[in-house]
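Participant: Supplied in C-alpha cells, the structure appears directly below.
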Amino acid sequence: MTQTPHGIAVITGAASGFGLEASRIAARRGMKVVMADVQPDALELAAREVRALGAEVLARRTDVSRAAEVEALAESTLHGFGVPSFVFNNAGVGCGGLIWEHTREEWDWIIGVNLMGVAHGVRCFTPAMLEAARADRRYRGHIVNTASMAGLLNAPNMGLYNASKHAVVSMTETLYQDLALVTDQVRAHVLCPYFVPTAIHLSERNRPAGVAAGRPTHSQAIAQAMSEKAVTRGKVSAADVARFVFDAMDEDRFYVFSHPKALSNVQRRMEDVLLIRNPSDPFSERQEVGEQLRSALRAQD
C-alpha cells in the first residue's frame with residue numbers, strides 16, 4: 001500500500017460531515033488544506049480546528065454552483081499553496097419529494113450544487129494537476145467526487161436527488177477513463193455513501209435567497225421525515241467515510257462505499273437492465289416500509 005503523499009488538499013463542503021473529517025485526516029497527514037464551504041461562520045470554526053492540528057489552512061467561502069467562485073478558489077489555491085494532490089469535490093445538498101413537484105428554481109439549485117459543483121471542480125483543478133504530472137514523474141494526484149448510493153439506485157420520492165447523483169457517478173467514471181488515456185499519475189474516485197449521520201438532511205439551511213421556500217408539499221414533508229430518521233440513525237460515521245476515502249486513494253480503488261452490503265440492491269437493478277425487465281420493487285426486502293410510504297402518499301393532507 002502506498003500512502004497518499006504529503007501535499008495539498010482542496011475540500012469543498014469542508015465545514016461539516018465528510019468534508020470536515022477529510023480535512024482533519026489531511027491535516028494529520030501533514031498536508032496543507034484548502035477548506036471551502038458556503039457557510040462562512042461554520043467554515044471559520046472548522047478551519048480554526050484544523051489549524052490547531054498543525055496544518056496550514058486556506059479557508060474560502062465558496063458556493064460551488066457558481067463557476068466564478070470555484071475558479072476563484074482554484075486561483076487562490078494555486079497562488080497560495082500550489083497544485084493540489086487531493087481534490088475532494090464533496091459539497092452537496094439533499095432533497096426529496098415526488099419528482100414532478102419540484103420547482104424550476106429547486107432543480108437549478110440541486111443540480112447546480114450536486115452536479116455542476118463537481119463539474120466546476122473537475123474543470124478548474126484537473127488541468128493544473130495534469131501539468132504537474134507532466135513536469136514531475138513523482139507527482140501523484142487524486143480527484144474524489146462525492147455521489148451517493150442514490151447515484152446507483154433509484155429510490156422513489158427522491159427523483160431530483162437521484163438524478164443529480166447518477167450524473168456524478170457517470171461523470172466520475174468517464175473522468176477515470178479520460179485520465180487513463182493521458183496519464184498514470186492522476187486518478188479519479190467516486191464516493192457513494194448510504195445513510196450516514198451528517199447534516200445533509202438539514203440542507204434547507206443553505207437554500208439560496210432566490211429559491212423560494214414555500215410550504216413543503218405532502219410528499220416533500222414525508223421525504224424529509226424519512227431522510228432525517230435514516231440519516232440520524234446511521235451506524236457508520238462521517239469519520240469512518242473520510243477514512244474510507246483515504247484508504248481508496250492509498251489502494252488506487254475507484255469505488256468508495258460506506259455500506260457495501262447495499263450493493264445487493266445495485267445488483268438487482270443491473271439485473272433488471274440486463275434482463276430487460278421492469279424495475280424491481282425497491283422495498284422487496286422491507287415490504288412494511290413500502291406500504292407505509294404508499295399509504296402516507298395516498299393519504300389526504
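No lab work stands behind these numbers, since they all come straight from the coordinates. What you see is a predicted model; the values in this text were computed from it and never measured. Backbone-built Cβ (ideal geometry, glycine too); neighbour counts: all protein chains shown.
Participant: Counting each DSSP H run of 4 or more residues in the chain as -39500 (n - 2.57), what helix-only mean residue ellipticity at 222 nm follows after dividing by all residues, to the nearest 500 deg cm²/dmol?
Facilitator: Numbers: 10 runs with 142 residues, N = 301.
Mean residue ellipticity, 222 nm, calculated: -15500 deg cm²/dmol.
Participant: By how many degrees, 0 to 90 and rounded to 10, does the Cα axis of helix 67-80 deviate from the longest principal axis of the chain?
Facilitator: Roughly 30 degrees, rounded to the nearest 10.
Participant: Right, another one. Under a 10 Å cutoff between Cα atoms, tell me which one of G112, G13, G82 has the largest fluctuation in the Gaussian network model of the chain.
Facilitator: Taking springs between Cα atoms under 10 Å, the residue moving most is G82.
Participant: Most mobile of T172, T77, T217 per a Gaussian network model of the chain (Cα springs, under 10 Å)?
Facilitator: T217
Participant: Amide H neighbours of V38 under 5 Å, counting only residues 5+ apart in sequence or on other chains, H built in-plane at 1.01 Å?
Facilitator: Long-range HN contacts for V38: G13, T62.
Participant: Roughly how tilted is helix 218-232, in degrees to the nearest 10 and between 0 and 90, from the longest Cα axis of the chain?
Facilitator: Helix 218-232 sits roughly 50 degrees off the main axis of the chain.
Participant: Then there is this: Quick check: net charge around A67, other residues with Cβ under 13 Å of its Cβ, Lys/Arg +1 and Asp/Glu -1? Mind showing how you got there, number by number?
Facilitator: Details: positive: R66, R123; negative: D63, E69, E71, E75.
Cβ neighbours under 13 Å give a net charge of -2.
Participant: Ranked by Cβ crowding within 10 angstrom, fewest neighbours first, how are F254, F246, F283, F86 ordered? Present the calculation step by step, with values, prior to reporting the outcome.
Facilitator: Details: F254 13, F246 21, F283 16, F86 26.
If I rank by nearby Cβ atoms, fewest first, I get F254, F283, F246, F86.
Participant: What is the helix-to-structure angle for 287-298, meaning the angle in degrees between its Cα long axis and the longest Cα principal axis of the chain, kept from 0 to 90 and rounded to the nearest 10?
Facilitator: 70
Participant: Please list, in chain and number order, the residues 5+ apart from R187 or on another chain whose amide H is under 5 Å from its amide H, with Hs placed from the backbone.
Facilitator: Correct list: G141, H142, I143.
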